[in-house]
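So the structure is just underneath, and the comments pick up after that.
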Amino acid sequence: MRTGEIEILIVPDGGQPDPDHWQSRWERNLRTARRIEPDEEGNSDKDRWVGCIIGTVATCTRPVVLVGHGLGVAAIAHASAKLLPGSIAGAFLVGPLDVDNSDPRPATARQDSSAHRGFAPMPLNPLPFPSRLIASSTDPYCSIERAEQFGSAWGSDLSVIANAGHLDSESGHGPWPEGLLTFGVFLKQLG
């Protein structure tokens, strides 16, 4: 698959969009990419996130690839069981947020640490579409053990990047060319 043949739906971490974040850059630079998220008031509401994903996917006319980061990964996991079979070609999941941890966000985090609580428990059922999970050995929001558990439960192809933080602009992954290359390889594997 090529980016021009699919609809890339970016499901962000929540909170205010960061223009330097790799997802924002992809949204600007990949012509078939668009960000989906509920309005600001719904950022911590799992049902609004899931409804937003399902509603947006229903309007797509080309194969859909979901690109989630942080809380967006949890939203995709929750939505996966409610999406029409065959509606998703694949999911590229980066820096999952351990929503089952009572306080996964450090005190320095930009986003309210209570926002994730409505997303617990994290679904641990196999995803009904191919997926690639990218995690970091030093993500302050998700231990490597939990990322491995998510990858195994979801049937995701897991890649662990050493010492990469939360894989966001704060950890030095604004442009993240390696991520875009990995995304391209993932699309090629989808067909």
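The values are calculated or read from the model by the stated rules, or taken from the named source; none is laboratory data. Note that the structure is a prediction, hence the values are computed from the model and not measured. Neighbour counts run over all protein chains shown; Cβ positions are idealised from the backbone, glycine included. Remember, those area values only see protein heavy atoms, side chains included, never the ligands or the DNA or RNA. Shrake-Rupley method; radii C 1.70, N 1.55, O 1.52, S 1.80 Å.
Points worth noting:
- Rg(Cα)/(2.2 N^0.38 Å) for segment 2-51, N = residue count: 1.21
- The chain: most fluctuating residue of Cys60, Cys142, Cys52 per GNM, C-alpha cutoff 10 Å: Cys60
- Near-label residues of segment 1-18 by backbone N, under 18 Å of a point 7 Å along Cα→Cβ of Leu84: 6-9
- 1.4 Å probe accessible area per residue over segment 14-56, in Å²: 53 Å²
- Here the accessible area is traced with a 1.4 Å probe on the protein chains. For the chain, carbon and sulfur cover 51 percent of it.
- Once the gyration tensor of the Cα atoms in the chain is diagonalised, the equivalent ellipsoid follows with semi-axes of 22, 18, 17 Å, ordered largest first.
- Mean residue ellipticity (222 nm) of the chain, computed from DSSP H runs ≥ 4 via -39,500 (n - 2.57), nearest 500: -9000 deg cm²/dmol
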